[in-house]
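Here the structure is laid out as structure tokens; the discussion comes afterwards.
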Amino acid sequence: MLHETIGSAGHLLVITSFVTALIATFAYIKASFSNEVEEKSSWIKFARSIFVTHLFAVVAVAAILFVIIYNHYFEYHYAFSHSSLALPIHYMISCYWEGQEGSFLLWIFWQAIIGVILMVKNPKWEAQVMTVFALVQTFLTSMILGIIIPGIELKIGSSPFLLLREAQPDLPVWTMQPNFIPKDGRGLNPLLQNYWMVIHPPTLFLGFALTLVPFAFLMAGLWTNQFKEWIKPALPWASFGAAVLGIGIMMGAYWAYETLNFGGYWNWDPVENASFVPWLVLIAAIHTMVSARTSSTALKTSIILVIATFILVLYSTFLNRSGILGNASVHSFTDLGLSGQLLIYLLTFLIAAIGLAIWKWSKLGTDEKELGIYNREFWIFLGASILALSAFQLTFTTSIPVYNKVAELFGLVSNIALPADQVEHYSKIQIWIYIVVAIVSGIAQFIWWGKIKEGKQWKALQTALLTATFLTVLFVNLGKIFTIPYIVLLWSGLFAVVANGQIIFHLWKQNAKLSGGATSHFGLAVMLIGILFSAGYSKVVSLNNSGFAISNKSEDFTKDNNKENKENLPLWLGQGAQMQDYLVTYKGRKIALRGQSGYFNRKDFEVIEGDFKAIALKDIIQNEKSIAKKGDTLLFEPENTYYELEFKNAEGKTVSLYPRWQVNPKMGTAISPDIKHGWNNDIYTYVSLDPRLATEAGEEKQWSATQEYTQSIGDTLYINDFIAVLRNVGRVDNFEGASLGPNDAAVEAQIEVLGKNNENHVLKPVFVIKEGMVAMPAFENEETGIKIKFTSINPKTGQFSFAVNTTQQELIIIKALEKPYINLVWIGSILIFVGLFLSMVRHLKTQTT
């Protein structure tokens, strides 16, 4: 049965949210221009009620979309495209933001919440600030409006409540079954079925929404000629927004680190850059806003940077959602025909903001004296300029697809390509920018807190300079650091750590709440040192010393003097190989069961093809806990294959990693690492090749022709390149878990196979006579690739016969990298955000006093 009513209600509420945002904009404009107190108050009350109605409509839209996803109403295009029956509830929530419409709705939701908070907390600024807020909400809600203006056939927005037959009207099925409903949906991209993807997008979009707050206060300040007063209420929001947006970005970085296999946490992808650049500019704006009340130069810079922050958020939205980065980034959305709307949205606020700033520019004043190196404002301006330079370089290169598109619109041909090696392109420039940032962050704190004043020597910096130099010399010699940019970055990072550490120590003795800026600068320096070691000195530890060439034909392995043949380690099932300080043993393929922690042997289940269910072939017990009985049907993740890798150190301590291969219908085969975390390094390991999945796509094993062996106890066999010894043959009392009857008999042979690294395997084929019938079940050992049947017993000669088949021993290829001191990256980022939250609290208290 079609559930059309709920979708119609959702669409009506989307229209309601758009109309209420538009009416609220009009009402707040009327309030802003009203000079009579009663009239102004009346318009504000009306606008408030309308905006609150807008919030309720947005919440209702979000709730209806979740109901459609949760109840698997696959007649709706959004639910069909992003959800499936197999998804647990937390991943159903993630379905919200996999699609464009849902992520727009998330953004609208956060801005509606923030708007109501601003109404309550900032009545003095309400009319002008909420005019900007309501107008932005009008544009955003238009993105999910999903209506077509008749006559001109102009489409406005893309609705999340389109039925499948409306979204794809050309499908032949509608002629035969007009009310056809798919039995299941396409599902959430398996790569996004990760706990970080449940919390990363909401955090990121909250950060985007928060960038509107300082922009709205700025517009209100320029509008009402309160050129400096807007900074006081805007600054805490700016600090909070920078912290939240930064946390969202780092969540994405950590997701990439543990889910993708490019070997790191930041790949300078265009979409990554598009979210990072607004954060950089916002950080620069926060610095200049701090001193804008005493410096016209800082005020003017703040105006430029706050406008740039919000416009860059809109620009990043355009890049990500217009389809213009389709060939440049795996993260970008496909074009839903919204590129024109997005461009109008961007240009409207760009022109309005710049126009208002130019109109009021002459009234902003000028500084009476020039800034010198002993002025706090000089160092703030210098730091902000360097951050802006970093943002400019990233934006300039990321926008190359835009340049090509603009040229195309004018009938020109432009084939400028993004850098072939984006990491090298950005890193070789950004490293020098952040060397300067680190140095300036240390000096500026001393100037800011009066440790260095005009006429005095710079002796206050001696400790930081000497300590950084001594430690750099030490680390250069111990760590064999000979690359000049790396040495300079190391010194600058250490200098910033010591300098900011001194300031933090000084401030904690007075008032710890003042240490927000120094804490963030300290965190940045720690993070830079972590990036230097974890990226610059990451090394491959999976060196192939086996003499086994993975491929002599594939260019992927043979190029660069057989680089990948040398750096990828073959592992045969059950056989260990030395890798740096560890003996690594491949223990077999595993699967993950829904609702169960840990991993389970794939061979213990019969997978139901084309479904997300598996049948247990035996009682499943893990950690003395019964998981399933033989014959039970369980939910599992059919697209994921995990590989158990046991790492054993010289002391005999073991830890297991479970890297993953994912047969991803949306992105092909996706390879994910697993990571062994240590205090001073990570061992980052992934399966670079699984020959069986890659070539056979899971087909049955290919066994050799049967060979017959007749042996006595103690005899040696040579099977599949292994030495095997028939150790014993004896009676057993049960077969396949069942006791034998008085007239039944079963004999079990024990054949020891001598493996590598003293890891032997025992084959136990059984010869059974039960109820007058002879059974010779095959005993299969995956580690050796041997399948053996106990075929006959000769009591006269004391000999026993066996039928043997062999197959290629199960093999995987792994690549492992050591990431030294990568924890400094995460610790440094946390300190940055702690510092921003401390600054927010401090500015809030300043605002209330």
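A short reminder: the numbers here are calculations on the coordinates, not readings from a lab. Keep in mind it's a predicted model, so treat the numbers as computed, not measured. Using ideal geometry, Cβ is built from the backbone for each residue, glycine included, and neighbour counts are taken over all protein chains shown.
Please label the shape of the range 341-395 as rounded, prolate or oblate, based on the square roots a ≥ b ≥ c of the eigenvalues of the alpha-carbon gyration tensor (a/c under 1.5 means rounded; beyond that, a/b larger than b/c means prolate, else oblate). Oblate, because a/c is 1.5 or more while a/b does not exceed b/c.
Once Rh is set to the Kirkwood radius over Cα pairs, what Stokes-Einstein translational diffusion coefficient, in µm²/s, holds for the range 382-489 at a temperature of 20 °C and a viscosity of 1.002 mPa s?
Working: Rh = 17.4 Å.
D = 123 µm²/s.
Charge tally for Tyr426 (other residues, Cβ to Cβ under 11 Å; Lys, Arg +1; Asp, Glu -1): -3.
Normalising the average separation of contacting C-alpha pairs (under 8 angstrom, six or more residues apart) by the number of residues puts the relative contact order of the chain at 10 percent.
Sorted on the mean count of surrounding Cβ atoms within 10 Å across their residues, most packed first, peptides 559-568, 778-787 read 778-787, 559-568.
Remark: the range 639-649, residue by residue, has Karplus-estimated 3J(HN,Hα) of 7, 9, 10, 9, 10, 7, 10, 8, 9, 10, 8 Hz, where x stands for each Gly or Pro and the curve is 6.51 cos²θ - 1.76 cosθ + 1.60 at θ = phi - 60°.
Converting phi to 3J(HN,Hα) with the Karplus coefficients 6.51, -1.76 and 1.60 and the offset θ = phi - 60°, the range 372-389 yields x, 6, 8, 8, 4, 4, 4, 6, 5, 4, 4, x, 5, 5, 5, 4, 5, 5 Hz in sequence order, with x at every glycine or proline.
Taking other Cβ atoms within 10 Å as a rough exposure proxy, His72, His90 sort from fewest to most as His90, His72. From the Kirkwood radius over Cα pairs of the range 707-807, Stokes-Einstein at 25 °C and 0.890 mPa s returns a whole-number translational diffusion coefficient of 175 µm²/s.
Normalized C-alpha radius of gyration of the range 244-299, against 2.2 N^0.38 Å? Don't skip to the answer; put the middle values down first.
Values: Rg = 15.5 Å, N = 56, 2.2 N^0.38 = 10.2 Å.
Rg over 2.2 N^0.38 Å, computed on Cα atoms: 1.53.
Size descriptor for the range 122-198, Kirkwood hydrodynamic radius: 16.8 Å (Cα pairs only, one decimal).
Note on the range 540-624: percent of Cα-Cα distances in each 5 Å bin, starting at 0 and stopping at the bin with the largest distance, equals 3, 12, 16, 15, 11, 12, 12, 13, 5, 1, 0.
Straight-distance candidates among the aspartates and glutamates for linking to Lys45, with alpha-carbon spacing under 18 Å and chain neighbours fewer than 8 residues away dropped: Glu36, Glu126. With neighbour counts taken as other beta-carbon atoms within 10 Å, the residues Val120, Val440, Val655 rank, fewest first, as Val120, Val655, Val440. Of all aspartates and glutamates in the structure, the ones whose alpha carbon falls short of 18 Å from that of Lys405, not counting any fewer than 8 places away in one chain, are Asp335.
What number in nm² do you get for the chain if you take the convex hull of its Cα atoms and divide its surface by four? Walk me through the numbers before you get to the answer.
Working: hull surface 188.4 nm².
One quarter of the hull surface, i.e. the mean projection, equals 47.1 nm².
Of the cross-linked pairs Lys625/Lys653; Lys590/Lys629; Lys613/Lys653, those separated by over 28 Å at the C-alpha level are Lys613/Lys653.
Here the translational diffusion coefficient of the range 179-294 follows from Stokes-Einstein with Rh set to the Kirkwood radius across Cα pairs; for 37 °C and 0.692 mPa s it amounts to 200 µm²/s.
In percent, rounded to a whole number, the relative contact order of the range 1-188 is 32, using alpha-carbon pairs under 8 Å and six or more apart. How much of the pair distance distribution for the range 1-84 lies past 20 Å, counting alpha-carbon pairs only, in percent? For the range 1-84, the share of Cα pairs beyond 20 Å comes to 48 percent. State the dimensionless ratio Rg/Rh of the range 769-849 (Rg: radius of gyration of Cα atoms; Rh: Kirkwood radius). Over the Cα atoms of the range 769-849, Rg/Rh equals 1.68.
Run a plain Debye calculation on the range 1-188 (Cα atoms as equal point scatterers, no solvent) and give log10 I(q)/I(0) at q = 0.12, 0.19 Å⁻¹, rounded to two decimals, same order as the q list. Per q value, in the given order, log10 I(q)/I(0) is -0.63, -1.17.
Please state, rounded to one decimal and in Å, the Kirkwood hydrodynamic radius that the range 487-645 gives when every pair of distinct Cα atoms enters the mean of 1/r. Result for the range 487-645, one decimal place: 21.1 Å.
Order of Lys629, Lys796 from fewest to most other C-beta atoms within 10 Å?
Lys796, Lys629
Over the C-alpha atoms of the range 261-384, the Rg to Rh ratio, Rh being the Kirkwood estimate, stands at 1.09. Taking a cut-off of 19 Å between Cα atoms, list the aspartates and glutamates near Lys648, but don't count ones fewer than 8 places away on the same chain. Answer for Lys648, where 19 Å is the Cα cut-off: Asp581, Asp674, Asp682, Glu759, Glu783, Glu818, listed by chain and number.
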